[in-house]
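Every number in this text was worked out from the coordinates using simple rules, so none of it is lab data. These figures come from a predicted structure and were not determined experimentally. All Cβ positions, even for glycine, are placed from backbone atoms using ideal geometry, and neighbour counts span all protein chains on display.
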Amino acid sequence: MDAVKRQTRLFTAQWVGKLHSFIEQQWRGKLLYLGAQSAVVLAVLLLLVWSLSPASPVATMSAYNQVSCRDIGAAQRRTSATEPLRVFTPVHQLALPILKKLCSQPAIQSAYAGVSVFWQSRSEFVPAQIYSQFYDVMWGRDYVLNGMSPSYLDYYQPVLILPSYDVYWYARSADFRGTKDDFTQLTLGLLDDPFSLSGYQLPMNQLNSLQLAADSVHIAFYPSRQALAEALLAGQVDVVADTSFSTLSQSSAVLSKVMIASQVYSGAWYASSRVSSPQSLIAIKDGLSSLR
C-alpha cells in the first residue's frame with residue numbers, strides 16, 4: 001500500500017510540475033500566472049453561487065424593447081430621482097414621439113431620472129405587470145385590462161381618453177366593394193397580431209359575417225402597419241385593413257375605401273397610482289394629448 005501511495009504522490013508531483021511549466025509558458029510571467037489562477041477560482045465560485053441560488057419569483061421583463069431620453073439626446077435636469085418614468089405602448093412607432101413630448105416636460109424632469117418608453121406585443125403583456133406597476137404610464141383598453149384583472153383600477157387610473165376612429169378596407173382597385181366575391185378573388189393584408197382590434201379582429205369578423213372562413217381567403221400577415229401599407233403600395237396585396245389615421249387614407253394609390261367599423265374605441269392612457277404628483281399627472285396628460 002505504501003508503494004502505491006508513493007507512486008501516486010510521484011505521479012501527482014510530475015503532473016503538477018508539467019502543468020505548472022505549461023501554464024508558465026502560456027502566460028509568460030508570474031503575475032499573469034497568478035491572475036489566471038485567480039480567474040479560474042473566481043469563475044468556479046461564481047458558477048457555484050449561481051447554481052445554488054433560488055429562481056426569482058418576479059415576472060421576467062425580457063420580451064420588450066426600450067428607448068430613453070438619452071437615446072434621443074434630450075437635455076435633462078439634475079435631479080435626486082433615481083428611477084425613470086416608464087411608459088408602455090404596444091405600437092413601437094409611438095416610442096420616439098412619446099419621448100419627444102415627455103422628455104421636455106419640466107415637471108417630469110424634476111420628478112424622474114428621465115423617461116423610458118417600452119414596447120412589446122400585446123400578447124406578452126401579463127397581469128403581473130399590472131400588479132407590480134412596473135410601468136408608470138401605459139396604454140390599454142378597459143375591457144382588456146378588466147379581463148386581465150378585475151381590480152386593475154386599484155393600480156391604474158385613466159388620465160387621457162383617446163378619440164375614437166373608423167376602420168376601413170383600403171384597396172388598389174376602384175372596383176372593390178368589400179363583397180364576398182371580392183375577398184375570394186383578391187389577396188388581403190392584415191396585421192400579424194390577433195390582439196389588434198383594427199388590424200386583425202374586426203376584419204376577421206367581417207369575413208366571418210360574409211360566411212368566409214379565414215382558410216378560404218388568401219391572407220398575408222405583416223408585422224407592422226408600416227409594412228402593411230408598404231405591401232399594398234408595392235402591389236404585394238390587393239387590399240388591407242387599417243384605421244382612419246392611416247397614411248393610406250391620403251394615398252393616391254388607394255382607389256377605393258370601404259368601411260369595416262365606425263367609432264371604434266381607441267382606449268386610454270393610464271397612470272399608476274404611484275404617480276401621485278399632480279404636476280406630473282398634468283405633464284403626462286399634456287404631453288400625450290399632443291401626440292399626432
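Please get the size of the charge dipole for region 89-199, origin at its Cα centre, with Cβ charges of +1 on Lys and Arg and -1 on Asp and Glu, quoted in debye to the nearest 20. Provide the component values of the computation, followed by the final result.
Numbers: 7 positive and 10 negative charges, 53 e Å.
So the magnitude is around 260 debye.
With kT/(6 pi eta Rh) evaluated at 4 °C and eta = 1.567 mPa s, and Rh the Kirkwood radius from Cα pairs, region 145-292 diffuses with a coefficient of 76 µm²/s according to Stokes-Einstein.
Shown here are the Rg and Dmax of the Cα trace of region 106-171, at 14.9, 49 Å. Can you give me the Cα centroid spacing of region 134-171 and region 181-224 in angstrom? Measuring centre to centre over Cα atoms gives 23 Å. Evaluating kT/(6 pi eta Rh) at 4 °C and 1.567 mPa s, with the Kirkwood radius of region 100-227 over Cα pairs in the Stokes-Einstein relation, gives 72 µm² s⁻¹. For region 229-289, the fraction of C-alpha pairs more than 15 angstrom apart is 65%.
Close amide H pairs (under 5 Å, H built 1.01 Å from N) link Ser196 with Gln201, residues at least 5 positions away or on another chain.
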